Amino acid sequence: MKFVSTRNRKNPVSFTEAMFKGLAPDGGLYRPESTPDLSRFFDSLAGDVPFSKLASGLTAELLGPEISPETAENIIRDAFDFEPVLRKIREGMFVLELFHGPSCAFKDFGASFLASAMNHLLAEKSGNDDDRAIIITATSGDTGSAVARAFHGKDRIDVVILYPSGRVSPLQEKQLTTLGGNVTALEVDGSFDDCQRMAKAAFTDPSLAGLPLSSANSINLGRLLPQSFYYIWAYTRMLSQSKGDFAFIVPSGNFGNITAGLYAAAWGLPVKRFVAATNANDVVPQYLKSGLYEPRPSQATYSNAMDVGDPSNFERLNDLYDSRVDIFRNHFEALSVNDKTTLNTIARVEKDYGYLCCPHTAVGWRAAELYREKNPDIPVVVLSTAHPGKFTEIVEQATGRPPELPSALLELADREKEAVPVGSADEDLRKWLIRRFG
Ligand SMILES: *Cc1c(COP(=O)(O)O)cnc(C)c1O
């Protein structure tokens, strides 16, 4: 498979090039040049196929012949020592837990694949010890911690993380700022949108063209493609659970997660129902309603990893659906859930089913309930994007008790924060990069 920019279909590039460039030179996002038909691959899947086997098979299907089946297996072996978990919560309602990786959020899937693929392909590409990559990534919380963990200790790669000061949870901040080594955290005096804009500007800045910059945001194809794997895995697990159709409900911010699912559907996955669940940052639900796409500054909510006012993957979806709202509407629905309902949902799901979920998952759960009011016979799989222990304050506010922390997070409490404060202008990042790497 080759890849082209969303803004220019002419210059197809390899996966390696798309992955290391991050953003296309014309400012567009890379997307698959064509839509492969994987129906036969999907039909051949058994209901108990191991995640790693499925993932290496898909990597080879999608990225061959550039990536051989052997390299695909090596990439997957180094990337995934964790798996998704499908849990039935009540009749017709399932959660797909995607938080069993090192940073306890779904972004571990994309980040771990990306780090492993870059590491393998950098070594294969060069044989030259000087070949390095610098990853720049903007985060509203979870991307940064997943990326930091995935790349930590990879000796050919430096990682620079931009996060909005005071807008990530204390625990997220610890995850971002306590690794050290090849990971540097820049604490930006601004919003997540500022961080994202600064990172984007660095990639197209001619004065930085000499640096081997790469991104690890959800704009990077190397993160996006592997996110399709768990949709396909969930499909195999649902074969025994639901006779017919079911719907994926996806808590969404930058819309990378749902884009990966919609790609899988385009490749022939026999699941065609998708619902994007947003918090008050509802530009996409509004777009599906009115046909007008009106980006605006993000608004802080309890599900802060979804506080995005102009989702970067909207450009990929526009490309996939010819910028036509009627085609969008054929492929997915979108619902918005406010903060008050998010808190209520966390409390209610715990009380009714003994299941504790994070605020993002709660947005998804509530959207799933609303979806089922209209479609009572369709089972739903709600993607659970983070462990509730990552959001102690909010979960405690909802239930009256702090959640238990997974051990990966407990260890962080005693570590010292190390972050470099920077301003929110493109120039602030440019200057820092040149001082550090120039
Ligand atoms: C990033 C994130 C989301 C949103 O995912 P997108 O791909 O940006 O739509 C949802 N929940 C959590 C916990 C996240 O970290």
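Leu186 - would you say it is touching a Cys at 6+ places or on another chain (Cβ under 6 Å) and outside any loop (DSSP other than H, G, I, E, B)?
no
Looking at this structure, is Asn344 more than 23 Å from Gly309 (Cβ to Cβ), away from the ligand (no atom under 16 Å from the Cβ) and open to solvent by less than 50 Å² (accessible area, probe 1.4 Å)?
no
Restricting attention to the stretch 1-23, and to residues there that are assigned to a loop (DSSP other than H, G, I, E, B) and either in contact with a Leu (Cβ under 8 Å, 6 or more places away or on another chain) or under 23 Å from His120 (Cβ atoms) (or both), which single residue is most open to solvent (accessible area, probe 1.4 Å)?
The qualifying residue most open to solvent (accessible area, probe 1.4 Å) is Lys2.
Tell me, yes or no, whether the stretch 330-338 has at least one residue that is within 12 Å of the ligand (Cβ to nearest atom) and closer than 16 Å to Asn279 by Cα.
Yes, there is a match, as at least one residue in the stretch 330-338 is within 12 Å of the ligand (Cβ to nearest atom) and closer than 16 Å to Asn279 by Cα.
Sort through Ala276, Ala234, Ala264 and tell me the only one that's over 19 Å from Leu54 (Cα atoms) and of a type in the set (Gly, Ala, Ser).
Numbers: Ala234 fails: over 19 Å from Leu54 (Cα atoms); Ala264 fails: over 19 Å from Leu54 (Cα atoms).
Selected residue: Ala276, the only one of Ala276, Ala234, Ala264 that is over 19 Å from Leu54 (Cα atoms) and of a type in the set (Gly, Ala, Ser).
State yes or no: is Ala305 open to solvent by less than 30 Å² (accessible area, probe 1.4 Å), within 13 Å of the ligand (Cβ to nearest atom) and in contact with a Leu (Cβ under 6 Å, 6 or more places away or on another chain)?
No: the conditions fail for Ala305.
Residues that are polar (S, T, N, Q) and under 20 Å from Ala264 (Cβ atoms), at least 1 per element: which helices (runs of 4 or more DSSP H) completely within the stretch 47-155 meet that?
In the stretch 47-155, the matching helices (runs of 4 or more DSSP H) lie at 51-63, 107-126.
Hey, can you tell me all the residues within the stretch 215-271 that are outside any loop (DSSP other than H, G, I, E, B) and among the hydroxyl-bearing types (Ser, Thr, Tyr)?
The answer is Ser215, Ser228, Tyr230, Tyr231, Tyr235, Thr236, Thr259, Tyr263.
Out of all the residues in the stretch 373-396, which are in contact (Cβ under 8 Å) with a residue 60 or more places away in the chain, open to solvent by 10 Å² or more (accessible area, probe 1.4 Å) and assigned to a helix (DSSP H, G or I)?
Listed by number, the residues that qualify are Thr392, Glu393, Ile394.
Of all residues in the stretch 309-329, count the ones that are within 14 Å of the ligand (Cβ to nearest atom) and closer than 13 Å to Pro285 by Cα.
Taking the stretch 309-329 first, the residues within 14 Å of the ligand (Cβ to nearest atom) are 309-317.
Next, only the ones that are closer than 13 Å to Pro285 by Cα stay: 309-311, 314.
Looking only at that region, the number is 4.
Quick check: is even one residue across the stretch 150-163 within 20 Å of Asn257 (Cβ to Cβ), within 16 Å of the ligand (Cβ to nearest atom) and open to solvent by less than 10 Å² (accessible area, probe 1.4 Å)?
yes
Could you check, for the stretch 215-237, whether at least one of its residues is aromatic (Phe, Trp, Tyr) and within 12 Å of the ligand (Cβ to nearest atom)?
no
Do you know which of the residues in the stretch 347-372 that are in a helix (DSSP H, G or I) and more than 20 Å from Ala247 (Cα to Cα) is most open to solvent (accessible area, probe 1.4 Å)? Before you say what the answer is, go through the steps one by one.
The first filter runs over the stretch 347-372 and keeps only residues in a helix (DSSP H, G or I), leaving 347-353, 359-372.
If we keep only those that are more than 20 Å from Ala247 (Cα to Cα) as well, we get 347-348, 350-353, 359.
On the way: Ala347: 33, Arg348: 80, Glu350: 45, Lys351: 171, Asp352: 80, Tyr353: 71, Pro359: 0 Å².
Applying the filter and picking the extreme gives Lys351.
Which numbered condition in (1) among the hydrophobic types (A, V, I, L, M, F, W, C); (2) closer than 22 Å to Met118 by Cβ; (3) surrounded by 20 or more Cβ atoms within 10 Å (Cβ to Cβ) is the only one that Ala209 fails?
So the condition that Ala209 fails would be (3).
Scan the stretch 405-438 for residues that are within 24 Å of the chain's Cα centre (by Cα) and not in a helix (DSSP H, G or I) and jot them down.
Leu405, Pro406, Ala419, Ser424
Is it the case that some residue within the stretch 183-190 is open to solvent by 40 Å² or more (accessible area, probe 1.4 Å) and more than 16 Å from the ligand (Cβ to nearest atom)?
yes
Within the stretch 41-64, can one find any residue that is buried (at least 21 other Cβ atoms within 10 Å of the Cβ), within 16 Å of the ligand (Cβ to nearest atom) and polar (S, T, N, Q)?
No; the residues of the stretch 41-64 include none that is buried (at least 21 other Cβ atoms within 10 Å of the Cβ), within 16 Å of the ligand (Cβ to nearest atom) and polar (S, T, N, Q).
The values are calculated or read from the model by the stated rules, or taken from the named source; none is laboratory data. No experiment lies behind these values; they were computed from the predicted model shown. When we count neighbours, we look across all protein chains shown, and the Cβ atoms used for this are built from the backbone with ideal geometry, even at glycine. Remember, those area values only see protein heavy atoms, side chains included, never the ligands or the DNA or RNA. Shrake-Rupley method; radii C 1.70, N 1.55, O 1.52, S 1.80 Å.
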